[in-house]
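Asker: Dumping the structure here so I can ask a few things about it.
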Amino acid sequence: MRELLRKKRFSRIVEEIADAEQADAVTNDILSQLTDERALVLRLRYCDGLSYDDIALEMNIDSPSVEKLLDQAKYHLRKLDL
């Protein structure tokens with residue numbers, strides 16, 4: 001019984017890893033349709049959870065530029081036929 005539970009847990013973990021890898025592939029495919037700068041700002045904001053100020057420091061730009069890049073990136077994502 002213990003072995004069966006361990007195998008089920010292992011199977012669930014493998015499925016979660018596969019799902020995460022598939023999600024990463026889809027994300028990368030979508031982001032590849034944006035400029036590098038727009039893709040980076042989206043990753044920093046939504047994947048890494050950085051604030052506008054932290055993104056500005058990371059990218060060596062000001063906070064209003066971060067907001068503009070995010071707006072542009074979201075606009076272009078909405079235009080994609082996903």
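Asker: Relative contact order of the range 2-79: what whole-number percent is it, with Cα pairs under 8 angstrom and at least 6 residues apart? Before the final figure, lay out each step's value.
Answerer: Details: 32 pairs, mean separation 18.7, N = 78.
Relative contact order for the range 2-79 comes out at 24 percent.
Asker: Give me P(r) over the range 2-79, computed from all C-alpha to C-alpha distances, binned every 5 Å, as integer percentages.
Answerer: 3, 15, 19, 17, 12, 9, 7, 6, 6, 4, 2, 0
Asker: List 55, 61 from most exposed to least, where exposure is judged by having the fewest other Cβ atoms within 10 Å. Please report the intermediate quantities before stating the final value.
Answerer: Values: 55 23, 61 15.
Taking fewest neighbouring Cβ atoms as first place, the list is 61, 55.
Asker: Moving on to the next point. Using θ = phi - 60° and the Karplus form 6.51 cos²θ - 1.76 cosθ + 1.60, what ³J(HN,Hα) does each residue of the range 29-36 get, whole Hz, x for Gly and Pro?
Answerer: 4, 5, 5, 5, 8, 9, 5, 4
Asker: So what J values fall out for the range 62-67 if you push phi through Karplus, 6.51 cos²θ - 1.76 cosθ + 1.60 with θ = phi - 60°, rounded to Hz, Gly and Pro as x?
Answerer: Values per residue, Gly and Pro as x: 8, 4, x, 5, 4, 4 Hz.
Any read-out appearing in this document is the output of simple, stated calculations on the displayed coordinates, not a laboratory observation. Remember, predicted model here, so these are calculated numbers, not experimental data. Don't worry about glycine lacking a Cβ; one is built from the backbone with ideal geometry, like all the others, and counts go over all protein chains shown.
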